[in-house]
Every structure is written in C-alpha cells, then in structure tokens.
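The values are calculated or read from the model by the stated rules, or taken from the named source; none is laboratory data. What you see is a predicted model; the values in this text were computed from it and never measured. Cβ: placed from backbone, ideal geometry, glycine included. Neighbour counts: every protein chain shown.
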Amino acid sequence: RGQQLGRKLGFPTANLRWPSKTMSFSGIYSVWVHGAGLSYHPGVASLGMRPTVGGTEPLLEAHLLDFDGDLYGQRLQLEFVAKQRDEWHLDGLDALKAQIEKDAVEARQRLAAARSPE
C-alpha cells in the first residue's frame, strides 16, 4: 500500500515501483487497464517522481476511471494509449487534485476516440 494520497484526493490508484532507467517516459498517460478480472478498463496513469508531493523514487500510478473496487495485491497490465502531458510540480494538493480532474477528463476523451484493444 502506498501513502493513500490518491484515495484521499478522490482518485485511488494502483501503484507500482518503476525502474529509474526508463524515466525518459515520465508523464501523464491515457491507458487501458486489464487483469484482475478487468477487461480493458479506461484509466489515467502518472509515471514519474511525483514532484508535487516530494516523491523520491519513480512510481507508476494508475487511476481506473469509474471503478470502485479493491485491487490490492492484484496483478494488472497497462496499455499506454497516448501521452497527455509531462509531469509538473504543482502548488499544493488542491492544485494537484484540480489537475488530476483535468487529466481524467482528457483520458476519458482520448480513450472514447480510441478503440478498446478487446
């Protein structure tokens, strides 16, 4: 379990440590998530250092849109569809929550226009 920050902001995430050698891919992405009984569920993912909250290790955080289940201990796969933006430092948790809301809206739009890989 992570810090539960995403859950506190209203955007629970599945978190995975990420090898630092691949940090050239950091940013915010529209993703399809599958595994753990999910069949290509839409999501938005952040890959990076989490500068707004003082992160010190690379982390992949995936928020599943319109999902209200428990994924702790489950194995998930992400299919990266589109990079939405670079990772930014924001001024506090209110600004972070507002940006996540925008990122989720954009991911929903991008994934609606993309075909599910099913």
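In the range 67-90, how many residues are at pLDDT 90 or above and farther than 14 Å from HIS34 by Cα?
Within the range 67-90, residues that are at pLDDT 90 or above and farther than 14 Å from HIS34 by Cα number 9.
Considering only residues that are touching a Leu at 6+ places or on another chain (Cβ under 7 Å), at pLDDT 85 or above and in a strand (DSSP E or B), which ones fall in the range 16-28?
GLY27
Does the range 84-98 include one or more residues that are in a strand (DSSP E or B), touching a residue at least 24 places away in the same chain (Cβ under 8 Å) and not small (Gly, Ala, Ser)?
Scanning the range 84-98 turns up at least one residue that is in a strand (DSSP E or B), touching a residue at least 24 places away in the same chain (Cβ under 8 Å) and not small (Gly, Ala, Ser).
Looking at the range 29-74, which of the residues that are assigned to a strand (DSSP E or B) and either among the polar types (S, T, N, Q) or over 25 Å from PRO117 (Cβ atoms) (or both) is nearest to the chain's Cα centre (by Cα)?
SER46
Can you pull out every residue in the range 22-76 that is among the acidic types (Asp, Glu) and free of Cβ contacts under 8 Å to residues at least 12 places away in the same chain? Can you show your working first?
From the range 22-76, those among the acidic types (Asp, Glu) are 57, 61, 66, 68, 70; that's our starting set.
Within the range 22-76, ASP68, ASP70 qualify.
Going by the conditions given, is ARG7 assigned to a helix (DSSP H, G or I), surrounded by fewer than 20 Cβ atoms within 10 Å (Cβ to Cβ), of a type outside the set (A, V, I, L, M) and touching a residue at least 40 places away in the same chain (Cβ under 8 Å)?
For ARG7, the condition - assigned to a helix (DSSP H, G or I), surrounded by fewer than 20 Cβ atoms within 10 Å (Cβ to Cβ), of a type outside the set (A, V, I, L, M) and touching a residue at least 40 places away in the same chain (Cβ under 8 Å) - is not met.
Do we find a residue being at negative phi, surrounded by fewer than 13 Cβ atoms within 10 Å (Cβ to Cβ), touching a Gly at 6+ places or on another chain (Cβ under 8 Å) and not hydroxyl-bearing (Ser, Thr, Tyr) anywhere in the range 59-75? Reasoning before the result, please.
Filtering the range 59-75 for residues at negative phi gives 59-65, 67-72, 74-75.
Adding the requirement that they be surrounded by fewer than 13 Cβ atoms within 10 Å (Cβ to Cβ) leaves 68-70, 72, 74-75.
With touching a Gly at 6+ places or on another chain (Cβ under 8 Å) added as a condition, the list becomes 74-75.
Checking the rest, the ones that are also not hydroxyl-bearing (Ser, Thr, Tyr) come to 74-75.
Taking every residue of the range 59-75 in turn, at least one turns out to be at negative phi, surrounded by fewer than 13 Cβ atoms within 10 Å (Cβ to Cβ), touching a Gly at 6+ places or on another chain (Cβ under 8 Å) and not hydroxyl-bearing (Ser, Thr, Tyr).
Considering only the range 106-118, how many residues are assigned to a helix (DSSP H, G or I) and more than 20 Å from ARG50 (Cα to Cα)? Walk me through it before giving the result.
As a first pass, look at the range 106-118 and keep what is assigned to a helix (DSSP H, G or I): 106-113.
Within this subset, residues satisfying the condition of being more than 20 Å from ARG50 (Cα to Cα) are 108-113.
So the count comes out to 6.
From the list VAL44, VAL31, pick out the single residue that is within 14 Å of PRO12 (Cβ to Cβ), crowded, with 19+ Cβ neighbours inside 10 Å and at pLDDT 95 or above.
It is VAL44.
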